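A quick write-up on the structure given underneath.
What follows draws every value from the coordinates through simple rules; no lab data is involved. Treat the numbers as computed from the prediction; the structure is a model and nothing was measured. Every residue, glycine as well, gets a Cβ built from its backbone with ideal geometry; the counts of neighbours run over all protein chains shown.
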Amino acid sequence: MEIRIMKLVVALIAGFICIFPAVGFASPSASAPPEGMVHIPGGTYPMGSHKSLLELDPVDLFNTDRHALGPENPAHNVELEPYYIDMYEVTHGSYMKFVEATNAKKPRFWDDPDFNSPNQPVVGVAWKRAQSYCKWKGGRLPTEAEWEKASRGKRSINYPWGNETPDSTRLNYNEELKKTVAVGSYETGKSDYGVYDLAGNVAEWTYDWHQAEFYIFSSKANPVGPEKGQYKVIRGGNWRNDAQDVNMVYRNATIPSIRKKTLGFRCAQSAGATAPNEYPTPH
């Protein structure tokens with residue numbers, strides 16, 4: 001009799017676990033971010049400048065000149081799946097491991113003493129090679145929308161830290177130091193999610209092709225730029241830029257083959273149902 005009761009109890013517990021697997025039985029490490037990355041929760045957030053479509057001059061809506069359109073206009077809501085993003089820009093030291101493991105070509109400025117300390121962000125990497133590095137690490141370049149959310153946090157702000165005017169205690173900008181600095185040097189400049197150097201130091205590659213009017217027609221969920229184009233979107237400003245160009249919503253773009261001492265990158269990974277190195281489907 002006791003054996004039958006025990007078997008019944010075991011069966012009931014097993015059934016309970018199958019029906020309610022997340023109630024008290026989730027692995028404590030299931031939501032732990034990969035090493036060196038920060039978890040960004042999914043949800044809806046406002047992307048772009050503070051101007052709505054109704055506030056824009058109709059004459060400028062299809063003007064491809066970036067200074068006339070923004071092109072960070074109009075402000076619009078975007079829904080993203082959860083993801084992870086690097087806490088820091090990819091460093092020279094980390095990229096060196098990639099070069100050694102894959103026999104990849106060394107980036108431009110590899111031997112420049114102003115830019116090749118192990119903890120400085122790697123520079124001189126073209127878009128395709130940056131994406132290859134992220135894939136090698138099990139991830140991918142962030143989309144433009146993912147990059148902005150990591151910078152914006154949960155607030156309507158101008159800079160990753162808030163609305164306070166940029167200064168040398170928060171970021172490396174305005175040619176004050178004439179070069180990059182070690183990643184994570186500005187504790188007061190990090191975003192609400194704890195992501196460093198999203199303003200200044202180096203501008204960063206994103207996955208998206210650039211289109212000036214993209215914000216008008218983009219998908220509401222998991223937006224990705226057009227399927228093809230001439231320029232890739234870069235974000236964040238760099239050590240040469242002034243306060244306007246390190247603004248959190250500021251968009252810039254360049255040819256994907258370019259290798260500059262002002263341009264680096266960081267990686268992301270999908271954290272929802274999408275595979276870590278794949279992009280969620282726009283819709």
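Please work out how much length the chain gains when fully extended from Lys228 to Ser185, using 0.36 nm per residue of separation minus the C-alpha to C-alpha distance, in nm with one decimal.
This chain segment gains 11.9 nm when fully extended.
How large are Rg and Dmax for segment 34-270 when only the alpha carbon atoms are used, in Å?
Answer for segment 34-270, Rg first and Dmax second: 16.7, 53 Å.
Read phi for every residue in segment 158-171 and hand back ³J(HN,Hα) as whole Hz from Karplus 6.51 cos²θ - 1.76 cosθ + 1.60, θ = phi - 60°, with x for Gly and Pro.
With coefficients 6.51, -1.76 and 1.60, one gets 9, 9, x, 8, x, 10, 5, 4, x, 8, 5, 8, 10, 6 Hz.
Which cross-chain or sequence-distant (5 or more) residues have an amide H under 5 Å from the amide H of Val78, H modelled 1.01 Å from N in plane?
Tyr45, Met47
Lys and Arg at +1, Asp and Glu at -1: add these up for the other residues within a Cβ distance under 12 Å of Gln120 and post the number.
For residues surrounding Gln120, the net value is -2.
When a footprinting reagent is the concern and you count Cβ atoms within 10 Å, what order do Glu79, Glu278 take, fewest first?
Going from sparsest to densest Cβ surroundings: Glu278, Glu79.
Taking only C-alpha pairs under 8 Å that are 6+ residues apart, what is the relative contact order of segment 34-270 in percent?
On the way: 556 pairs, mean separation 65.3, N = 237.
Value for segment 34-270: 28 percent.
Checking the table Lys128/Lys190; Lys128/Lys228; Lys105/Lys137; Lys154/Lys190; Lys178/Lys261 against a 19 Å threshold on Cα-Cα, which pairs fail?
Pairs exceeding the cut-off: Lys128/Lys190.
In what sequence do Glu81, Glu227, Glu89 fall when counting other Cβ within 10 Å, fewest first? Provide the component values of the computation, followed by the final result.
Numbers: Glu81 19, Glu227 6, Glu89 26.
So the residues, fewest neighbours to most, are Glu227, Glu81, Glu89.
Using a Förster distance of 45 Å, how high is the FRET efficiency between Ala273 and Gln244, based on the Cβ-Cβ distance and rounded to 0.05?
Working from the Cβ atoms, E equals 0.70.
Applying the Karplus parametrisation 6.51 cos²θ - 1.76 cosθ + 1.60 with θ = phi - 60° to the phi angles of segment 36-45, what ³J(HN,Hα) value in whole Hz is obtained for each residue in order, glycine and proline being reported as x?
3J(HN,Hα) across segment 36-45, in whole Hz: x, 10, 10, 7, 10, x, x, x, 9, 8.
For a label point 7 angstrom out from the Cα of Lys220 toward its Cβ, which stretches of segment 71-86 have the backbone nitrogen within less than 11 Å?
77-79
Arranged by the count of other C-beta atoms within 10 angstrom, fewest first, what order do Met87, Met248 take?
So the ranking, lowest neighbour count to highest, is Met87, Met248.
Return the sequence-ordered ³J(HN,Hα) values of segment 112-121 in whole Hz as given by the Karplus equation 6.51 cos²θ - 1.76 cosθ + 1.60 applied to θ = phi - 60°, using x for Gly and Pro.
For segment 112-121, the Karplus curve yields 6, x, 7, 9, 10, 6, x, 9, 7, x Hz.
Extending each Cα 7 Å along its Cβ direction at Ser117 and Glu164, get the distance between those two points in nm, one decimal.
Those two pseudo-labels are separated by 2.4 nm.
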